[in-house]
Amino acid sequence: MKVITVIINGATRQLPDPTSVAALLEEMGLTGKRIALERNGEIVPRSLFAAQQLADGDKLEVVVAVGGG
């Protein structure tokens, strides 16, 4: 099995190749949450999460929206 290395919020993580953004979020327990995801400096629209495949060396920033006031 091929493995890729990505950086998520500053932490290095190894994932199987291929892995989609949606699969990563599911593994992180974030499915269904309101999140913003940036890949290599560009925002990834939620509509592309399932189709967007991660690549070795990708840098991701994941921000979870927290409700409250």
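The values are calculated or read from the model by the stated rules, or taken from the named source; none is laboratory data. Everything quoted here is computed from the prediction, not taken from an experiment. Reconstructed Cβ throughout: ideal geometry from the backbone, glycine too, with neighbour counts over all protein chains shown. Note: accessible area is taken over every heavy atom of the protein model, side chains too, but ligands, DNA and RNA are not part of it. Shrake-Rupley method; radii C 1.70, N 1.55, O 1.52, S 1.80 Å.
Scanning the stretch 27-47 for residues that are within 20 Å of Val66 (Cβ to Cβ) and open to solvent by 80 Å² or more (accessible area, probe 1.4 Å) returns Thr31, Lys33, Arg34, Ile43, Arg46. Cβ-Cβ under 6 Å, sequence separation 6+ or interchain: first residue in the stretch 13-29 and of a type in the set (Asp, Glu), partner part of a helix (DSSP H, G or I) and open to solvent by 50 Å² or more (accessible area, probe 1.4 Å). Which pairs? Listed by first residue and then by second, the contacts come to nothing, as the list is empty. In this structure, Ala65 does not satisfy being in contact with a strand residue (DSSP E or B) (Cβ under 9 Å, 6 or more places away or on another chain) and open to solvent by 70 Å² or more (accessible area, probe 1.4 Å). If I ask for residues that are part of a strand (DSSP E or B) and without any contact (Cβ under 8 Å) to a residue 24 or more places away in the chain, which ones from the stretch 39-69 would you list? Correct list: Arg39, Glu42, Ile43.
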